[in-house]
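The values are calculated or read from the model by the stated rules, or taken from the named source; none is laboratory data. Just so we're clear, the structure is a prediction, and the values are computed from it rather than from any experiment. Cβ sites come from the backbone with ideal geometry, for glycine too, and all protein chains shown count toward neighbours.
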Amino acid sequence: QTADFGQKYGLLIKELRLLARAVLVIDKAGVVRYVQVVPEIATEPDYDAVLKAVNDVL
């Protein structure tokens, strides 16, 4: 598969051809309103911050 998504959003780990673990909140207009990149793939995102970002966009 292509790496377009990962390249477009800066999430591609080129050496491994994997995506970084991340949460993006995108509004109805397609504008990225929130990005959280988790430094360790085994670590959970900060879900409270994600929910706040979602509620702010709604």
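Condition test on residue 22, is it under 14 Å from the mean Cα position of the chain (by Cα) and either of a type in the set (Ser, Thr, Tyr) or farther than 19 Å from residue 3 by Cα (or both)?
Values: under 14 Å from the mean Cα position of the chain (by Cα): yes; either of a type in the set (Ser, Thr, Tyr) or farther than 19 Å from residue 3 by Cα (or both): no.
So residue 22 does not fit the description; no.
When both residues are 6+ apart or on different chains and their Cβ atoms are under 7 Å apart, which pairs have a first residue that lies in the range 39-51 and is free of Cβ contacts under 8 Å to residues at least 40 places away in the same chain and of a type in the set (Val, Ile, Thr), and a second that is part of a loop (DSSP other than H, G, I, E, B) and surrounded by 10 or more Cβ atoms within 10 Å (Cβ to Cβ)?
41/21
Give the range 1-15 a look and list any residue that's loosely packed, with under 13 Cβ neighbours inside 10 Å and modelled with pLDDT of 90 or more, or say none. Full working, then the answer.
Filtering the range 1-15 for residues loosely packed, with under 13 Cβ neighbours inside 10 Å gives 1-2, 4-5, 7-8, 10, 13-15.
Residues satisfying the conditions are 4, 5, 7, 8, 10, 13, 14, 15.
If we scan the range 8-24, do we find a residue that is assigned to a strand (DSSP E or B) and either in contact with a Lys or Arg (Cβ under 7 Å, 6 or more places away or on another chain) or of a type in the set (Val, Ile, Thr) (or both)?
First, the residues of the range 8-24 that are assigned to a strand (DSSP E or B): 12-13, 18-19, 22-24.
From what is left, the residues that are either in contact with a Lys or Arg (Cβ under 7 Å, 6 or more places away or on another chain) or of a type in the set (Val, Ile, Thr) (or both) are 13, 23.
The answer is yes; a qualifying residue exists.
For the range 1-42, how many residues are among the basic types (Lys, Arg) and on the phi > 0 side of the Ramachandran plot? First the steps, then the outcome.
Of all residues in the range 1-42, those among the basic types (Lys, Arg) come to 8, 14, 17, 21, 28, 33.
The next check asks that each one be on the phi > 0 side of the Ramachandran plot; those that pass are 17.
Residues flagged as among the basic types (Lys, Arg) and on the phi > 0 side of the Ramachandran plot within the range 1-42 amount to 1.
Return the residues of the range 16-58 that are among the basic types (Lys, Arg) and loosely packed, with under 10 Cβ neighbours inside 10 Å; say none if nothing qualifies.
The initial filter retains those residues of the range 16-58 that are among the basic types (Lys, Arg), namely 17, 21, 28, 33, 52.
Of everything in the range 16-58, just one residue is among the basic types (Lys, Arg) and loosely packed, with under 10 Cβ neighbours inside 10 Å, namely 28.
Find the residue count for the range 25-58, including only residues that are touching a helix residue (DSSP H, G or I) at 6+ places or on another chain (Cβ under 8 Å) and in a loop (DSSP other than H, G, I, E, B).
Matching residues across the range 25-58 total 1.
Yes or no: residue 57 modelled with pLDDT of 95 or more and out of contact with any Lys or Arg (no Cβ under 6 Å at 6 or more places or on another chain)?
So residue 57 does not fit the description; no.
Among the hydroxyl-bearing types (Ser, Thr, Tyr), more than 12 Å from the chain's Cα centre (by Cα) and at pLDDT 95 or above, is that true of residue 34?
Values: among the hydroxyl-bearing types (Ser, Thr, Tyr): yes; more than 12 Å from the chain's Cα centre (by Cα): no; at pLDDT 95 or above: yes.
No: the conditions fail for residue 34.
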